[in-house]
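The values are calculated or read from the model by the stated rules, or taken from the named source; none is laboratory data. A quick note: this is a predicted structure, and the numbers were derived from the prediction, not measured. Positions of Cβ are backbone-derived with ideal geometry, glycine not excepted, and every protein chain shown enters the neighbour counts. We work out accessible area using only protein heavy atoms, side chains counted, and drop any ligands, DNA or RNA first. Shrake-Rupley method; radii C 1.70, N 1.55, O 1.52, S 1.80 Å.
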Amino acid sequence: MNDDACAIILAGGSGTRLWPLSRRQLPKQFLRIDGERTMLASTLERIDPLIPREQVWVVTGERYAQGEAMEDLAGLHVILEPVGRNTAPAIAVAAALLRDQRGGDPVLVVLPADHLIRDGAEFHRALRLAMETAAAGDVLVTFGITPSGPETGFGYIEAEGEGDVRRVRRFIEKPDRERAERLLQAGGVFWNSGMFVWRASAILTRIARHLPEVDRLLQEMRAEWRSRPWQEVVRDRFGEMPSISVDYGVLERGDDVRLVPCDPGWSDVGSWDAVYALSDKDAEGNVIEGDVIALDCRDALIRGDGRLIAAIDLEGVIAVETPDAILLARRGSSQRVREVVAQIEKRGGSEHIEHRTVRRPWGSYTVLDDCAVGYKLKCIEVKPGGCLSLQRHQHRSEHWVVVSGTATVTCGDERYTVARNASTYIPIGAVHRLENRGKIPLKIIEVQVGEYLGEDDIERLEDRYGRDAGEEGR
C-alpha cells in the first residue's frame with residue numbers, strides 16, 4: 001500500500017460496442033460481463049492491495065448516479081460530469097480536486113473502469129514499478145501491453161531501449177492490418193492500454209503547457225470551489241471544457257513519457273469478439289449463456305436473457321438477446337455494432353438508451369408493452385421503504401393496480417393506501433407520489449394513457465434521494 005497514492009477511475013464511457021447489453025443509461029462498466037461483479041467493482045478490487053478504497057475517486061456521468069450504478073458508487077468519492085468531455089478534462093478536474101482537497105502532491109493511478117485483467121500478480125508488479133517511477137521523477141508513466149497479434153482495434157506505442165521502464169518514442173493511431181503487421185515485425189511496440197500513473201503536479205503542469213484552454217477553465221473552477229461546493233462548480237462549468245483525450249492532448253506532445261511493458265492478460269472488452277476471446281468455451285468452441293439449445297454449433301457466442309434460444313448448425317456467429325433487442329453478427333464484424341446504435345438513434349428509437357427494466361434508487365420498473373399508440377404498460381416494483389419522487393405529467397394519466405404489497409399514494413391533497421387487488425387513478429396534471437411503507441416489496445401494474453408517453457413527461461418536484469427538483473425522472 002502507498003499512503004501517498006490515489007486512484008482516479010474513469011467510468012463515464014457509453015460502451016456502445018457491447019449493445020444490446022450495454023446501454024447509454026447502464027454502460028459496460030456497470031455490467032457483469034465476466035463473472036458476478038461489475039467491471040467497476042472488479043477494477044476497485046484489483047487495486048485494493050495497493051490503494052485503499054478511501055483513496056479512490058471515480059469520475060462518471062451524473063445520469064449513472066441515479067440508477068443501478070448507485071450500488072457500485074456507494075461509499076466512494078465520486079465526481080459527477082454533467083456531460084462527457086473525454087479524458088483530459090476529467091483527469092484535470094480530478095487531479096486539481098485531489099490537490100486542493102487532500103493537499104500535498106499525490107501519485108495518481110488513472111485507470112478505465114471497464115477493462116479486464118486476468119493476471120493480477122503481473123498487474124501489481126507493473127503498477128508498483130510505475131508508481132515508484134512516477135514518485136521519483138517528474139514524468140508521465142503509461143503501461144504498454146505486449147501485443148499478441150496485429151490488432152487493429154488498439155493504438156500502439158513505440159518505445160526505446162530495453163528494461164522494465166522505457167522511454168516512449170511515439171504514439172501510433174489505430175493501424176490497418178498491414179501496418180500493424182509491419183509494426184510487430186519491426187519490434188519495440190506495445191498496445192496502448194489507456195492506463196497511466198503520474199504525480200498530480202506532473203499532469204497539471206503538462207495540461208497547462210499543452211492544453212491552455214482546459215487549464216484556463218480549470219483555474220476558474222478552482223477559484224470558484226474555494227467559496228462554494230466543488231460539485232456545484234463542476235456541474236455549472238464542466239460543459240465549457242473542450243472534448244479531448246489525454247493521449248492526444250498531452251502524452252503525444254511530450255518527450256517525458258515512460259512506458260512499463262507488461263502482459264497482465266489485459267483486454268478493453270471493446271467488442272463482442274473480445275468477449276468471445278476472453279470467455280471459457282465448450283468442446284465445440286462455443287460460449288453459451290442463458291437458456292440455449294445449441295445443436296451442431298461451432299465457435300459461436302450465444303447469450304440469452306430469459307427466452308429460450310434454439311440454434312442449429314451455426315458457425316462463427318454472435319447472438320446476443322435482451323428483452324427488447326437481438327444482435328446477430330458474424331464473428332469478426334462486431335465492431336460495426338456502433339453503426340447499429342447510430343441507426344437506432346437516427347430513426348428516433350430508444351433501444352440504445354435504456355433496457356426494458358430500469359433500476360432506480362427506490363426499486364425498478366419494467367416496460368411490458370409500448371408498441372401501441374396511446375398507451376404504455378409497466379410493472380413497477382418499490383422496495384420496502386422506497387419512495388418515488390413527487391411528480392406530475394402534462395400529457396398522460398395513470399391507472400395503478402396493486403398486485404403485491406400495499407401502496408401509500410399521494411394524489412393532489414389526498415394521501416391514502418391501496419391494498420393488493422385494488423386500484424387507483426392519477427389524472428393528467430395531478431401532483432402525485434407512490435411509496436412503500438410496508439415490509440415486503442410493492443408491485444403495481446401501471447397503465448399510462450395519453451397522446452405522449454415519453455419519460456421526459458415526468459416533472460420531478462421533490463425527491464428523497466437528493467435528485468434535483470425540476471429534473472425529469474421518477
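In region 24-41, the residues that are open to solvent by less than 50 Å² (accessible area, probe 1.4 Å) reach residues that are assigned to a loop (DSSP other than H, G, I, E, B) and of a type in the set (Asp, Glu) with C-beta atoms within less than 7 angstrom, at least six apart or across chains, in these pairs: LEU26/GLU68; LYS28/ASP114; GLN29/ASP114; PHE30/GLU68; MET39/ASP114.
Taking the criterion of being closer than 17 Å to MET39 by Cα, open to solvent by 20 Å² or more (accessible area, probe 1.4 Å) and of a type outside the set (Phe, Trp, Tyr), the residues of region 259-273 that qualify are GLY265, ASP268.
Note on region 149-165: residues that are over 22 Å from GLY254 (Cβ atoms) and β-branched (Val, Ile, Thr) amount to 1.
Remark: pairs (first residue in region 176-202, farther than 27 Å from VAL139 by Cβ and open to solvent by less than 70 Å² (accessible area, probe 1.4 Å); second residue modelled with pLDDT of 95 or more and of a type in the set (Phe, Trp, Tyr); Cβ separation under 9 Å; 6+ apart in sequence or on different chains) = ALA180/TYR156. Within region 91-114, residues that are more than 19 Å from LEU44 (Cβ to Cβ) have Cβ atoms under 6 Å from residues that are in a helix (DSSP H, G or I) and open to solvent by less than 10 Å² (accessible area, probe 1.4 Å) in these pairs: ALA92/ILE207; ALA92/VAL214; ALA92/LEU218; ALA95/ALA200; ALA95/ILE203; ALA96/LEU218; ARG99/ALA200; ASP105/ALA200, counting only partners at least 6 apart in sequence or on another chain. Can you pull out every residue in region 289-301 that is open to solvent by less than 70 Å² (accessible area, probe 1.4 Å) and in a strand (DSSP E or B)? Across region 289-301, the qualifying residues are VAL292, ALA294, LEU301.
Checking each residue in region 197-254 for being farther than 21 Å from LEU108 by Cα, within 24 Å of the chain's Cα centre (by Cα) and not in a helix (DSSP H, G or I) picks out MET241, PRO242, SER243.
Checked against (1) without any contact (Cβ under 8 Å) to a residue 40 or more places away in the chain; (2) acidic (Asp, Glu); (3) assigned to a loop (DSSP other than H, G, I, E, B), GLU45 meets all criteria but (3). The residues of region 354-376 that are surrounded by fewer than 16 Cβ atoms within 10 Å (Cβ to Cβ) and aliphatic (A, V, I, L, M), listed by number, are LEU368, ALA372, VAL373.
Here is a yes/no grid of residues against (1) modelled with pLDDT of 95 or more; (2) among the hydroxyl-bearing types (Ser, Thr, Tyr); (3) closer than 30 Å to ARG166 by Cβ:
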residue	(1), (2), (3)
MET241	yes, no, no
VAL246	yes, no, yes
ARG253	no, no, yes
SER279	no, yes, no
ASP291	yes, no, no
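If the condition is being modelled with pLDDT of 90 or more, of a type outside the set (S, T, N, Q) and not in a loop (DSSP other than H, G, I, E, B), then region 445-456 contributes ILE445, GLU446, VAL447, VAL449, GLY450.
Residues in region 302-351 that are in a helix (DSSP H, G or I) and hydroxyl-bearing (Ser, Thr, Tyr): 1 in all.
For the residues GLU451, GLU398, the requirement of being acidic (Asp, Glu), more than 33 Å from the chain's Cα centre (by Cα) and under 27 Å from ILE353 (Cβ atoms) singles out GLU451.
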